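This report concerns only the one structure given below.
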Amino acid sequence: MDMFCNQCQEAARNVGCTRRGVCGKTATVSNEQDALIYLLRGLSECAIRAREAGVADPEADLFVAEGLFATITNANFDEDRMVELARRAIALRDNLRRRWLAAVPGAREEDLSPAARWIPEPLDALNLAAKGIAMQIVGRGEHSTVNEDLRSLRELLLYGLKGMAAYTDHAYVLGAHNDAILAFLQEGLVAMANDALGADDLVALVMRCGEMGVQAMALLDAANTGAYGHPEPTQTNIGVREGPAILVSGHDLRDLEELLEQTAGTGVNVYTHGEMLPATAYPAFKQYDHLVGNYGGSWWKQDKEFEAFGGAILMTTNCITAPKESYKERIFTTGLAGWPGVRHVPNRRDGQPKDFGPVIEAAKAAGSPRALESGTIPTGFAHQTVLGVADQVIAAVESGAIKRFVVMAGCDGRHTSREYYTQVAESLPEDHVILTAGCAKYRYNKLNLGEIGGIPRVLDAGQCNDSYSLVVIAQALAEALGVEDINDLPISYDIAWYEQKAVIVLLALLSLGVKHIRLGPTLPAFLSPGVAKVLVEMFDIMPIGEVAEDVAAIAAGR
Ligand code: SF4
Ligand code: SF3
């Protein structure tokens, strides 16, 4: 075994990737990421101790979120960037440790865990990777003596923290803050290595992770809508316009804003891709005439779509896949995204926007996009919009015109087994409405499933984090219909997961008491049989089954 990673739905053999990631992650990068997690844990330990002594370091607190974000699936594949992140983690950690030692009489360095003191010498990819393989949760390393259920719970917690960290970082980029979330990331990281915690303690922590996940999504929702307005029902163009163009993918709305500003009046058009599609529904972005529409579908088709696009491409976050030679020169990463050899747009400094000049130049040097399709797709059905027509929705439910809502949020992925979601969408009775968010929608958002009394049968609330909108809608519906238990609503859940953002969405739903969730296309490889059993007993989580059976069960109220 050269590495071990089981954090996503495409883990090899639904166990784990051991030589190279199915995602394209090299063993070195995977192990470096494990070492980074180890360093972030040491940093967290110092930050917690320092905070207790009245010493605060907001930069270090935020960095824990950034570091976790860099390790999520399909975000960063760059060995050198991992070294840089490790360097920063060590500098921030050591600074906090010094300040803690100075602030607390009698404090001793040896009372801290090795993670709070370890210095790789030299600090390079090789040394980091060696430490990572020794420290990883599964297989060899310090967790190897822990029983499989505890290990599984630690992983569930870690992957939830990673997803939460990504959403929290997005909110901080927009100036929204919630220190309690950052503190919880640290608490969770430190708890992962605490052998005194048993299964009940870890289950409680996982549930708290879900609660904090709700807060993180609420924070990001407030940040997005505060900055760009509430999404409006929108028919987004999926065709192309003549002229040089930039395709923006990932989840970072501030990057899109700055890019739109910098391309205004230059003759360069901008298109959204993948998880950026919902941006086309925000009032602030609709003002830009050169935001032409959305191009292509979900992340895993990017090799073909980016090649066809012909213009420049900007990856603001996950999911990036191995760039083909045909577009390697015209694809850029920014933020925590990275791919070796791909040009990277550096972070904002001193309050100045990022400089997207090189992306714009690359677009000008390339041709117009080749059309993949034409027409429009609907988006913009976040909570404000849906609640704005709440009377209409409730009347439709009460009259029986809408019999059921089916939440089909989450991620898309490569496996053909995901055709299940297209087939479910096609086979649901015509009085069922799909509530979606995340890139899972690309499995059915071009199907033209029609409307019920003017309400589209696929209501797209936005990005995966906008699953929060679906919760707000469910809660409002419960209140309006006088239903006490959210599980008594006419709502079924058929969630598709892939990476760790979907893990925090799932934990958030569980923490809100949502039961009977179907999860697919496979259950996570990191769930031990014992932990899976607990989830089934507590929440009646179930794997997806055959399309016809699941649709019949949904229609019958499950
Ligand atoms: Fe494998 Fe997924 Fe980990 Fe990539 S992120 S190495 S595909 S388990
Ligand atoms: Fe998709 Fe990567 Fe998860 Fe934000 S873009 S949902 S997979």
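Quick look at the numbers
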item	result
Residue that is buried (at least 18 other Cβ atoms within 10 Å of the Cβ) and in a loop (DSSP other than H, G, I, E, B), where the choices are Ala196, Ala176, Ala166, Ala171	Ala176
The one condition in (1) surrounded by 23 or more Cβ atoms within 10 Å (Cβ to Cβ); (2) within 11 Å of ligand 1 (Cβ to nearest atom); (3) polar (S, T, N, Q) that Ser44 fails to fulfil	(2)
Selection count, segment 6-28, where residues are away from ligand 2 (no atom under 16 Å from the Cβ) and in contact (Cβ under 8 Å) with a residue 60 or more places away in the chain	6
Residues that are within 16 Å of ligand 1 (Cβ to nearest atom), part of a helix (DSSP H, G or I) and buried (at least 24 other Cβ atoms within 10 Å of the Cβ), drawn from segment 300-329	Gln302
Matching residues in segment 219-271 - criterion: being of a type in the set (Asp, Glu) and in contact with a helix residue (DSSP H, G or I) (Cβ under 8 Å, 6 or more places away or on another chain)	Asp221, Glu232, Asp252, Glu257
Among (1) farther than 28 Å from Asn224 by Cα; (2) small (Gly, Ala, Ser); (3) surrounded by 15 or more Cβ atoms within 10 Å (Cβ to Cβ), the one test that Ser374 misses	(3)
Among (1) under 28 Å from Leu158 (Cβ atoms); (2) more than 15 Å from the chain's Cα centre (by Cα); (3) not in a helix (DSSP H, G or I); (4) not small (Gly, Ala, Ser), the one test that Leu459 misses	(1)
Criterion: under 27 Å from Arg349 (Cα atoms), out of contact with any helix residue (DSSP H, G or I) (no Cβ under 9 Å at 6 or more places or on another chain) and in a helix (DSSP H, G or I) - qualifying residue of Ala47, Ala102, Ala91, Ala65	Ala91
Of all residues making up segment 386-416, the number that are away from ligand 2 (no atom under 16 Å from the Cβ) and in a loop (DSSP other than H, G, I, E, B)	5
Qualifying strands (runs of 3 or more DSSP E) (wholly inside segment 224-299; at least 2 residues being acidic (Asp, Glu), surrounded by fewer than 19 Cβ atoms within 10 Å (Cβ to Cβ) and free of Cβ contacts under 8 Å to residues at least 60 places away in the same chain)	none
Check on Lys515, farther than 19 Å from Ala496 by Cα and either in the same structural domain as Tyr420 (by TED's automatic domain parsing) or not in a helix (DSSP H, G or I) (or both)	no
Hey, Cys464 closer than 21 Å to Gly213 by Cα and in contact with a Phe, Trp or Tyr (Cβ under 8 Å, 6 or more places away or on another chain) or not	no
Looking only at segment 47-70, and only at residues there that are under 18 Å from Glu187 (Cβ atoms) and within 16 Å of ligand 2 (Cβ to nearest atom), the one that is surrounded by the most Cβ atoms within 10 Å (Cβ to Cβ)	Leu68
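Okay, residues lined up against (1) more than 9 Å from ligand 1 (Cβ to nearest atom); (2) farther than 24 Å from Trp299 by Cα:
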{"residue": "Cys8", "(1), (2)": "no, no"}
{"residue": "Asn14", "(1), (2)": "yes, no"}
{"residue": "Arg49", "(1), (2)": "yes, yes"}
{"residue": "Ala70", "(1), (2)": "yes, no"}
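The values are calculated or read from the model by the stated rules, or taken from the named source; none is laboratory data. In this text the structure is predicted, and so the values were computed from the model without any measurement. Using ideal geometry, Cβ is built from the backbone for each residue, glycine included, and neighbour counts are taken over all protein chains shown.
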